[in-house]
Amino acid sequence: MARLAYCTDVDRSVVLSSLERRGWTAVGPEDDWNFYWASTNTTRSLFSVDSGYRMGDHQMINHFPTHYEITRKDLMVKNVKRYRKELERDGNPLGERNEQGRYVHLDFIPVTFMLPADYNLLVEEFRKSPNSTWILKPAGKSQGVGIFLVNRLAQIKKWSRDSKTPFNPALVKDTYVISRYIDNPLLIGGKKFDLRIYVLVTSFRPLKVYLFKMGFCRFCTIKYDLNTQELDNMFVHLTNVSIQKRGAEYNSIHGGKWSMENLQLFLEGTRGRKVTDKLFSDINWLLVHSLKAVAPVMVSDRHCFECYGYDIIVDQNLKPWLIEVNASPSLSSTTANDRIMKQALIDNIIKVVLPPDGIPDVHWNKVPPSENLTDFELLLDEEIAAQLENARDRGQASNLPRWR
């Protein structure tokens, strides 16, 4: 492996050890670097018009400049809604709706509104389903900060008064998203959980997407209960480790986590192989189309790659729901297994994003050799897909599988 100069402002041992183990040289942000594992704030400032910084052909950074188009909760929802409407308007079969007005193929985000902008639409929806539960989240926060559940419109009005943020868009600085709460989550041992899935994107145009095989489940420490008295108990409802580890029931040995492999074996044993395979296929479908939704508005700089942390909840019908996407998924380790998995994640990312000679190069076609994928699998490469379609049209690839 070539001896490269790396820079990082992320104080995580799994990142540092992966870079140091390659024999790379640590340098500062003002020096000549080849590989920068940066925070999102650093990335934004580096790409800002005011910075005046222009990357060279042999430099690479771990975020796209407009990553927030999918990692801010409000923008993610806005982009998915726009994507569905465009497909529907163009007569694309993917934009089909059923008799209830729900999208047949792209119904993977809960009914969601922005506050304060969509307050009147929310009131209308509340009146249609007066017994439903909703979850409010600050659009730009993470790790469960500022989240709470409501089941009455009066609670939102009270929150508005108490937080001194009347529903006047001109006065409100923070956007909140409010989504219909998935109140029938799949439970294991009576407890709610979600999936943390890592997805690597090396290009948005053409879209190149890889799935890390070692995702995991994050469990709540308290058994699930939708009683009104439990709506404020975040140990029942929020799976974030940053919240759960503060609870008395938290187990520091396994960290309240299950491997994706264990989940798959459990579901095959309790629900059967066929529906389990469909669930994981539906999850892959969700991942690809959420990224297709943001691709048109994403600045696809060739110096960039990004590993997103997807949070997905599965309901009792084994239907996956996209909850949010993280630009900087936690790389801190809470258990020994956690550390091994995250170490593998970083190592695998570096193998995939670097050309075969190990030196960043913006002119590389970003098609890694198959042996470099290790624990990643290719979900979609639009460039390869287009080549297959062209070959098929010429009658040269009739036996090749179709891309979704």
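Considering only segment 57-83, state which residues are open to solvent by 30 Å² or more (accessible area, probe 1.4 Å) and farther than 20 Å from Leu331 by Cβ. Break it down into steps so the answer makes sense when it comes.
Initial filter on segment 57-83 (open to solvent by 30 Å² or more (accessible area, probe 1.4 Å)): 57-58, 68-69, 72, 75, 78, 81-82.
Selection gives Asp57, His58, Glu69, Arg72, Leu75, Lys78, Lys81, Arg82.
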TODO: Hey, can you tell me all the residues within segment 28-56 that are on the phi < 0 side of the Ramachandran plot, assigned to a loop (DSSP other than H, G, I, E, B) and either of a type outside the set (A, V, I, L, M, F, W, C) or surrounded by fewer than 17 Cβ atoms within 10 Å (Cβ to Cβ) (or both)?
DONE: Gly28, Pro29, Glu30, Asp31, Asp32, Asn34, Ser39, Ser48, Tyr53, Arg54, Gly56
- [ ] Please name all residue pairs, on different chains or six or more residues apart, with Cβ atoms under 8 Å, provided the first residue is in segment 195-207 and is of a type in the set (Gly, Ala, Ser) and the second residue is open to solvent by 10 Å² or more (accessible area, probe 1.4 Å) and assigned to a loop (DSSP other than H, G, I, E, B).
- [x] Ser203/Ser300; Ser203/Arg302; Ser203/Lys366
TODO: Determine whether Ile340 is in a helix (DSSP H, G or I) and touching a Cys at 6+ places or on another chain (Cβ under 9 Å).
DONE: no
TODO: State whether the residues of segment 377-394 include one that is open to solvent by 70 Å² or more (accessible area, probe 1.4 Å), modelled with pLDDT of 80 or more and in a loop (DSSP other than H, G, I, E, B).
DONE: no
Task: segment 305-316 residues that are touching a residue at least 24 places away in the same chain (Cβ under 8 Å) and over 14 Å from Leu287 (Cβ atoms), paired with ones that are hydrophobic (A, V, I, L, M, F, W, C) and in a strand (DSSP E or B) (beta carbon under 6 Å, 6 or more apart) - done: Ile313/Trp321; Ile313/Ile323
- [ ] Identify the single condition in (1) at pLDDT 75 or above; (2) open to solvent by 10 Å² or more (accessible area, probe 1.4 Å); (3) within 22 Å of the chain's Cα centre (by Cα) that Leu226 does not satisfy, given that it satisfies every other one.
- [x] (3)
Open item on the list: Here are the criteria: (1) open to solvent by less than 20 Å² (accessible area, probe 1.4 Å); (2) at pLDDT below 70. Tell me which single one Ser203 does not satisfy.
Closed with: (2)
Open item on the list: Going residue by residue through segment 123-144, is there one that turns out to be at pLDDT 90 or above, among the charged types (D, E, K, R) and either open to solvent by 20 Å² or more (accessible area, probe 1.4 Å) or under 19 Å from Ile70 (Cα atoms) (or both)?
Closed with: yes
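If you go through segment 346-361, how many residues are open to solvent by 20 Å² or more (accessible area, probe 1.4 Å) and within 27 Å of the chain's Cα centre (by Cα)? Give the steps one after another, and end with the answer.
Quick first cut of segment 346-361, residues open to solvent by 20 Å² or more (accessible area, probe 1.4 Å) only: 347, 351, 356-357, 359, 361.
Then drop every residue that is not within 27 Å of the chain's Cα centre (by Cα), which leaves 347, 351, 361.
Counting residues in segment 346-361 that are open to solvent by 20 Å² or more (accessible area, probe 1.4 Å) and within 27 Å of the chain's Cα centre (by Cα) gives 3.
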Task: Identity of the residue in segment 1-16, open to solvent by less than 30 Å² (accessible area, probe 1.4 Å) and touching a residue at least 60 places away in the same chain (Cβ under 8 Å), that ends up farthest from Gly140 (Cα to Cα) - done: Ala2
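The values are calculated or read from the model by the stated rules, or taken from the named source; none is laboratory data. Here the structure is a predicted model, which means the values were calculated and not measured. No Cβ is skipped: glycine too gets one built from the backbone with ideal geometry, and neighbour counts run over all protein chains shown. Only protein heavy atoms, including side chains, enter the accessible area calculation; ligands, DNA and RNA are left aside. Shrake-Rupley method; radii C 1.70, N 1.55, O 1.52, S 1.80 Å.
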